[in-house]
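Here the structure comes first, spelled out in structure tokens, and everything after it is commentary.
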Amino acid sequence: MSEPIFKITGLTKVYRSGEVEVHALRGVDLEIAAAEFLVLLGPSGSGKSTFVNIVGGLDAPTDGQIFFRGEELTGMGDRGLTRFRREHVGFVFQFYNLVPSLTARENVALVTEIAREPMDPGEALEIAGLAADRHDHFPAQLSGGEQQRVAIGRAIAKRPEVLLCDEPTGALDSKTGIRVLEALATVNEEIGTTTLVITHNIAIGRMADRVIHFHDGNVARIDENAAREPASAITW
Ligand SMILES: Nc1ncnc2c1ncn2[C@@H]1O[C@H](COP(=O)(O)OP(=O)(O)O)[C@@H](O)[C@H]1O
Ligand SMILES: [Mg+2]
């Protein structure tokens, strides 16, 4: 691997509430190459969301280190993490969190107004696979898959180096889910965004460069694919 975009060592997260301790991550080591497409699999509660949230600077680990392009995120403090997220990271979640009173284009424009070298909102929506005749529709006028494409357009409009997706197809039927995964693959190919996708669906692993299997707060196994398959070839 050339110099990785992320170097993660001993990543540990313990949630404490009163007397109870939950060990969500138990010392995860992982290097991630720039422009890599990773799929994260594992049972519910195995630490996938905790891992992705920490990598994206939404949360801080209890122990361990993360370097992003050689710069240590851990120990950067809240302001540093906020800047890291704003400049470098896009997030896509299971639920789209769009502003209902704004059109698709306006939802994306919210982000491009504050980004440094943003895409045109229409371009971001096009890469995310939203048909041009839908760009001026409101969320309530769009299907779930279309709303998720707006959320992807919003996440990529600032040209983030990193795109983190936590169960992006979790609320979608399989046909719609595949269209959304195609959009993520297109983003990765067109703007070289390092992409992590959490899913419950083993079949989705075929579109990744590597599949990271989580189990009980650890990386239990890593599978490397010789070639990525297009999302359209996946059935579930
Ligand atoms: N904010 C939190 N407070 C306490 N425990 C949490 C919190 N978030 C996650 N956990 C616990 O940490 C473990 C890992 O959770 P999570 O990272 O969400 O797993 P996954 O995304 O693989 O389902 C689970 O036992 C979960 O209950
Ligand atoms: Mg989760």
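Since every read-out is calculated from the coordinates, none of them should be taken as a lab result. Just so we're clear, the structure is a prediction, and the values are computed from it rather than from any experiment. Here Cβ is always computed from backbone atoms with ideal geometry, including for glycine, and neighbour counts include all displayed protein chains.
Summary of computed values
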{"item": "For region 1-148, alpha-carbon Rg and Dmax in angstrom", "result": "18.0, 55"}
{"item": "Long-range HN-HN contacts of Phe214 with modeled amide H, under 5 Å", "result": "Leu41, Gly42, Ala220"}
{"item": "Size of charge dipole - the chain - debye, nearest 20, with Cβ of Lys, Arg +1 and Asp, Glu -1, no other charges", "result": "240 debye"}
{"item": "Residue of Glu224, Glu146, Glu19 that the Gaussian network model of the chain assigns the largest fluctuation, springs spanning Cα pairs under 10 Å", "result": "Glu19"}
{"item": "Radius 10 Å from Cβ of Arg116, net charge of other residues (Lys, Arg +1; Asp, Glu -1)", "result": "+1"}
{"item": "Principal-axis tilt of helix 144-156 within the chain, Cα atoms, nearest 10 degrees", "result": "70 degrees"}
{"item": "Rounded tilt (10° steps) of 77-88 against the dominant C-alpha axis of the chain", "result": "40 degrees"}
{"item": "Straight-distance crosslink candidates among lysines, where the alpha carbon sits under 21 Å from Lys13 and sequence neighbours closer than 8 are dropped", "result": "Lys48"}
{"item": "222 nm mean residue ellipticity, helices alone, for the chain (DSSP H n ≥ 4; -39,500 (n - 2.57); rounded to 500)", "result": "-8500 deg cm²/dmol"}
{"item": "Surrounding net charge for Leu25, when Lys and Arg each add one and Asp and Glu each subtract one, Cβ distance under 13 Å", "result": "-2"}
{"item": "log10 of Debye I(q)/I(0), alpha-carbon scatterers only, for region 100-196 at 0.22 Å⁻¹", "result": "-1.12"}
{"item": "Computed over the chain: relative contact order in percent, which uses C-alpha pairs under 8 Å that are six or more apart", "result": "25 percent"}
